[in-house]
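To start, the structure itself, in structure tokens.
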Amino acid sequence: MGRYVARRLLLTIPVMLGASFLIFAMVFALPGDPIAALAGDRPIAPAVAAQLRDDFNLGDPLWLQYAKYVGDLVQGDFGTDFAGRPVLDTILQRLPVTAKLALVAVLFEIVIGIVAGVLAGIRRNSFFDNLVLVSTTIVVSVPILVLAFLAQFVFGLKLELFPIAGVRDGWYSYLLPGLVLAAGSVAYVARLTRTSMAENLRADYVRTARAKGLKPSTVVVRHTLRNSLIPVVTFIGADIGTLMGGAIVTETVFNIPGIGRAVFESIQRQEGAVVVGIVTLLVFFFIFFNLVVDVLYAVLDPRIRYD
Amino acid sequence: MTDRHLTDAGHDEVGAGRVTGVADAADTQNETETATQGSLWSDAWKALRKSVLFWLGAVLGVGFILMAVFPQLFARGAKPRDCDLANSADPPSAAHWFGFDQQGCDYLAQVVYGARNSLIIGVLAVLFILLLGVIVGAIAGFYGGFTDGLLSRVADIFYAMPLILGALVLLRVGPSTDIPVISDRGAGAVAIALAAFGWMTAMRLVRSQVISVKSGDYVAAARAMGAGDTRILVRHILPNAVAPVLVYATITVGILIAAEATLTFLGVGLQRPAISWGLQINEGQNLLRTAPHIVLFPSAVLTLTVMAFILMGDALRDALDPRQRS
């Protein structure tokens, strides 16, 4: 197991380098002058422009710019934005907000998704089962953009249950955006749990457990559910990485000052250093949670061996 | 060139057509030599015909395509550019079913005329994705070894980047470049950006299909008869990937249409004066309290469009998966 994890960790390095170089190249290599874009309509003093160009190594060839950037990065230096603010400051300030949002979303996945999936899986072809099937089909079809405005309109403006913007009400203000962000995954978790439950309920060991005369609830909870949750747990784990990177729309519509809005704002201002820094971090999270999940898989399911 | 070669050349064209997913069930039935595959498609069609969800998706999908091609049929005589500020943001009425937008344009016409850009971008992006995915996936799966390792790592790199995020960066820096299509902020640019960050799943699908069939006896037989790599790939291996790729492509059209609306909403996709659901939702977002219909109508039509493709794709997957047949 140790060797497997070490090898996987080593494999993440080229992927992270590749992804950050891809973004870096798009931001800095494409023809166009980021300093001019920064200055906008007001012309910038030539001396200031030259200083900025020097600070951001804009005179070097692309590979050297990138090498310098990575060299700083491994020392924990994410660079500064055009206003001179360290990118790491922005990240540390924005990341907790997105982490909270992702946590709320994962809780929705666990509570709504798994419960709905288990109930549907136990009673296949019942009314509830069909309800879950139809509603999950509808939910996956609604774009997150539409869902965000629909939630704002119904729960925020008509029913006045939730705030529709900002995070001033603490955890309470994360509920609605969290649900919007999680919706697609909730539907997927429900389906996954349902299929997995229904499959395992037909397994031999479940028949044995029933034949031993165990209570139906014990058979379902202790024997079937525990096995059925393995793919679900791994999906949810990997989804954390996806949620962190996928929060751009939710955070924009709900005006939440998280990492997604930070990256969107810096893309608009063409703040290359901020964009590259945040995207690299998001890619790291994505790879990291996928790695955790693969390791978790072996822990949860002893049949799987990586060595 | 013998007659045999001529028929083979003809088949190659059919094969190539099928790879892009344009050949339908009827086409494959005409091929006498692929008896088993013909029955796969005819079985699938039998199953599809009975699926309520498929018909629901198909009706929605045909409605959407008609709307994109002949918008005037749906606009009840109103012109999208025929606007009167006196009607600004008026709510729906019997004469104007969708009301008016902020500029006082008939909103039914606006929403209906928005379908065309969505269809163009959705279909173009899927075609680019299939082209890229099939080529890269076939090369990776067929040659294996170092080539496969390299191409798969490249796919991993793109896979780690969220679609919207990657496309957002490309579309933001695109206009300041002088690369032809990318710099003009039109439908082509959006389609290319979506394909550039969305080709990996198609590549993995094709790659795994190629790997699973390339050691088959009939591939060995074709090679023994002297067929070259390209011929074996196009004629014997890729047709096996048609079913999963077709399912994937159908669902992906829906997902890409949603992604286009999102990018346009965020301000990097289509620009005014283009008519697009993303722009309409963007315009309405600050009027949600006073004139919610401006956000809700394009949202509803967008959702139904996405749903059409997802329903069709789901039904197609169920119909084409022999393991689910009893």
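The values are calculated or read from the model by the stated rules, or taken from the named source; none is laboratory data. These numbers were taken from a predicted model, which means no experiment stands behind them. For neighbour counting, all protein chains shown are included, and Cβ atoms are generated from backbone atoms with ideal geometry for every residue, glycine included. Ligands, DNA and RNA are excluded from the accessible area calculation, which covers all protein heavy atoms including side chains. Shrake-Rupley method; radii C 1.70, N 1.55, O 1.52, S 1.80 Å.
Details
- Per residue of A:8-20, other chain Cβ atoms within 10 Å of the residue Cβ number 3 on average.
- Distant-in-sequence amide contacts of A:ARG124, defined by a placed amide H-H separation under 5 Å and a gap of 5 or more residues or a different chain, comprise nothing.
- Springs join every pair of Cα atoms under 10 Å in this Gaussian network model of chain B, and among B:GLY278, B:GLY188, B:GLY226 the largest mean-square fluctuation is at B:GLY226.
- Accessible area of segment A:96-300 belonging to carbon and sulfur atoms, whole % at 1.4 Å probe: 67
- Separation of segment A:240-289 and segment B:128-165, taken as the distance between their Cα centroids, equals 24 angstrom.
- Members of segment A:255-273 that become less accessible by 10 Å² or more once partner protein chains are added (1.4 angstrom probe, chain alone as reference): A:PHE264, A:ILE267, A:GLN268, A:GLN270
- In Å², nearest 10: area of B:ILE310 left accessible to a 1.4 Å probe: 10
- Working note: Cα gyration tensor of chain A, eigenvalues times five, square-rooted, sorted largest first, giving semi-axes of 45, 26, 13 Å.
- In chain A, excluding the sites themselves, the longest stretch lacking any of the trypsin sites (Lys or Arg not before Pro) that are in a DSSP loop with at most 16 other Cβ atoms within 10 Å is A:1-122.
- Take segment A:155-307 with all the other protein chains still there, run a 1.4 Å probe, and you get 45 Å² of accessible area per residue.
- Against the criterion of solvent-accessible heavy-atom surface with a 1.4 angstrom probe, B:LEU73, A:LEU282 sort, most first, into B:LEU73, A:LEU282.
- Shielding of B:165-171 by partner chains, average beta-carbon count, 10 Å: 6
- Between B:ARG49 and A:ASP54, the modelled labels are 7.9 nm apart [label points 7 Å from Cα along Cα→Cβ].
- Cα pair distances of the protein assembly as shown binned at 20 Å [whole percent]: 16, 49, 31, 4, 0
- Heavy-atom accessible area for A:GLU265, with the other protein chains in place and a 1.4 Å probe, reaches approximately 50 Å².
- For segment B:230-254 versus segment A:49-96, the spacing of their alpha-carbon centroids is 43 Å.
- Pairwise burial B:A, computed as accessible area of each alone minus the pair, summed, 1.4 Å, Å²: 3500
- Rg and Dmax of chain B, both derived from C-alpha coordinates alone, stand at 22.7, 77 Å.
- Protein-only accessible surface at a 1.4 angstrom probe places the residues A:PHE288, A:PHE108 in the order A:PHE288, A:PHE108, largest first.
- Kirkwood Rh, angstrom, segment B:155-276 [1 / mean 1/r, Cα pairs]: 16.6
- Sites excluded, trypsin sites (Lys or Arg not before Pro) in DSSP loops with at most 15 other C-beta within 10 Å, longest stretch of chain B: B:82-288
- Per-residue shielding of B:257-264, expressed as the average number of other chain Cβ atoms within 10 Å of the residue Cβ, stands at 3.
- Accessible surface, 1.4 Å probe, highest first, among residues B:LEU85, B:LEU165, A:LEU52: B:LEU85, A:LEU52, B:LEU165
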